[in-house]
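As structure tokens, the structure follows; a few thoughts come after it.
Read the figures in this text as sums done on the coordinates, not as results from a lab. Computed from a predicted model, the values in this text were never measured in an experiment. Glycine gets a Cβ as well: all are built from the backbone with ideal geometry, and neighbour counts include every protein chain shown.
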Amino acid sequence: MLARAADITRSPGDPKVLSKGASSSLGASDRLARNLGWFSIGLGVVELVGARRLASLLGMRGAEGLIRAYGAREIAAGMMSLSANPNPGIKSRIVGDAIDIVTLLAALRHGNPRRGNVEVALLAVAGITVLDLICQKGLTSRHARAPGPYRDYRDRSGFPQGVNAARGAARKERQAPEDKAGF
């Protein structure tokens, strides 16, 4: 499905993606980040659409706007987690998990008749937080630079024959007579 959607942005001369094989370039942490991204988008949609029901289930009536804001945050984090560099998305998910835990802890008050639901939600968020942390650790270790000296490109100019040859070519171009009459 995504391959067909990608064909929309291609020029007529570009090759078409006929099928997508198993991706060996994605490690376990990359696949986990992708799955967490889709989970985040799904949860965000539920929070946006069902904010009133969630607030009722958690004994947090009046917090529907907050739940919708959390849903928008989840969708944004999910989209970032699906990008080529999922690190910012997973980090955003971890911060969001912390915010969710603090919010749920506030709802865990003794007067809340839905306290049991809040406890279940807290356990679920804690479990997802563990997955987010495992994913972040895996992404960091998989995509980190190898220890050792960094590459030093200070001696490179970007000109294959050197800067002086490039300057000479520019001087020759300026000295050549120009034909202003015809284009």
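Summary of values
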read-out	value
Scope the range 116-133; condition surrounded by 15 or more Cβ atoms within 10 Å (Cβ to Cβ) and of a type outside the set (Gly, Ala, Ser); matching residues	Asn117, Val118, Leu122, Val125, Ile128, Thr129, Leu131, Asp132
Count of residues meeting criterion [surrounded by fewer than 16 Cβ atoms within 10 Å (Cβ to Cβ) and either under 16 Å from the mean Cα position of the chain (by Cα) or closer than 22 Å to Leu122 by Cβ (or both)] in the range 37-81	15
Total residues in the range 139-170, condition surrounded by 10 or more Cβ atoms within 10 Å (Cβ to Cβ) and under 32 Å from the mean Cα position of the chain (by Cα)	5
Cβ-Cβ under 6 Å pairs, at least 6 apart or on other chains, the range 52-72 side within 21 Å of Pro113 (Cα to Cα), far side among the charged types (D, E, K, R) and in a loop (DSSP other than H, G, I, E, B)	Ala55/Arg61; Leu58/Arg114; Gly59/Arg114
Tabulated pairs, the range 137-148, first farther than 12 Å from Gly27 by Cβ, second among the aromatic types (Phe, Trp, Tyr) and surrounded by 13 or more Cβ atoms within 10 Å (Cβ to Cβ), C-beta under 9 angstrom, 6+ apart or interchain	none
